[in-house]
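Structure first, then comments.
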Amino acid sequence: MLRSRFDRTKTGLAGLWVAVAISGCANVGQQGASADNAAASAQAAAAAAQASDAATQAQQAASDAVTTRTVTTTKTIHYRVKRGDTLARIAQKNNCSVKDLLAWNRMNASAHVKKGQVLRIVTQQTVTTTVDANGNPVAARAPASSADSRAMAAQTRRAAKSVALAWPAQGVVVEPFQAGETRGIEIAGNAGDPVRAAADGKVMYAGTGLNEYGSLIIVQHNKDFLTAYSHNRKLLVKTGDIVHQGQQIAEMGNENNTRVSVLFELRHDGMPIDPMPYLPQGRG
């Protein structure tokens, strides 16, 4: 059922691009028919030049108003000790030091951990956000060059046996993947947290047309693999955009969901699969 909805979405998008292409051809024909009217052409050229100048000035003003803001947040997660765990092994898994583990849990240097014991782990996340003059986040992306677009078009048509992913968000995985029961993993966070592209690709869909997903982005990485990011508060990319791994594409939210999180899906040939084996163990 879910696969068919994705298929319908892609078919609808393809139809949209065909309609745009046909419209463009019709416009070319109309321009050719009116080419003998020199005065109208001159007026149109002057108006276009004025519009271009105005657009350039507006773009420059917007660029001058854009600034960056860096915010560091602290999060505490809880780790339940498993059989065979040691302080050193737990520290390695969570990208921290044994000294930090001891301090966070008020343990002395000779302490040992036991199976089932719960440890506090404190993480810091530094996020740099691009904001406009009013302090509103803006998408920090440059228009894709024609060469970049051609390369991505070739990549999305290329068959691939795998894909290397980066974490799309910081936070705790509160819902793991379960084949036949869930579509992906759910990563909890705070409203407005950045949601990032897990790999280079092309945005095949960005919108709210699939109700159960809320505000959804679908990125095609190659012929066989795509990722989806659901329940966003705000989308920062649009259909057709080229995105790169680590680029912010949305703000985390709770659209059509009971908690603030991103539902992250990895699909192979349209079918949902567990993304965990494709993600790095540490959080970058």
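Nothing in this text is a laboratory measurement; each read-out follows from the coordinates by a stated rule. All figures in this text were calculated on a predicted structure; none of them were measured in a lab. Counting neighbours? That spans all protein chains shown, and the Cβs are built from the backbone with ideal geometry, glycine included.
Working ranking of peptides 155-162, 93-100 by packing, defined as the average number of other Cβ atoms within 10 Å per residue, highest first, is 93-100, 155-162.
All other residues whose Cβ lies under 13 angstrom from that of THR258 are scored, Lys and Arg at +1 and Asp and Glu at -1, for a net of -3. What the Cβ-Cβ distance of ARG259 and ALA166 gives, at R0 = 22 Å and to the nearest 0.05, is a FRET efficiency of 0.45. Stretched out straight at 0.36 nm per residue, the stretch from ALA88 to LYS114 would grow longer than its current Cα-Cα span by 8.0 nm. Pairs of Cα atoms in segment 194-266 fall into 10 Å distance bins, from 0 up to the last occupied one, in shares of 24, 58, 18, 0 percent. With 22 Å as the limit on Cα-Cα distance, the pairs of LYS161/LYS202; LYS202/LYS234; LYS93/LYS202; LYS93/LYS115 that go past it are LYS93/LYS202. Taking other C-beta atoms within 10 angstrom as a stand-in for reagent exposure, VAL219, VAL113, VAL118 fall in the order VAL118, VAL113, VAL219, fewest first.
So, counting K/R as plus one and D/E as minus one, what does the shell of residues with Cβ under 10 Å around LYS234 add up to? Spell out each step's value before the answer.
Values: positive: ARG233; negative: GLU251, GLU255.
Once all neighbours under 10 Å are counted, the net charge is -1.
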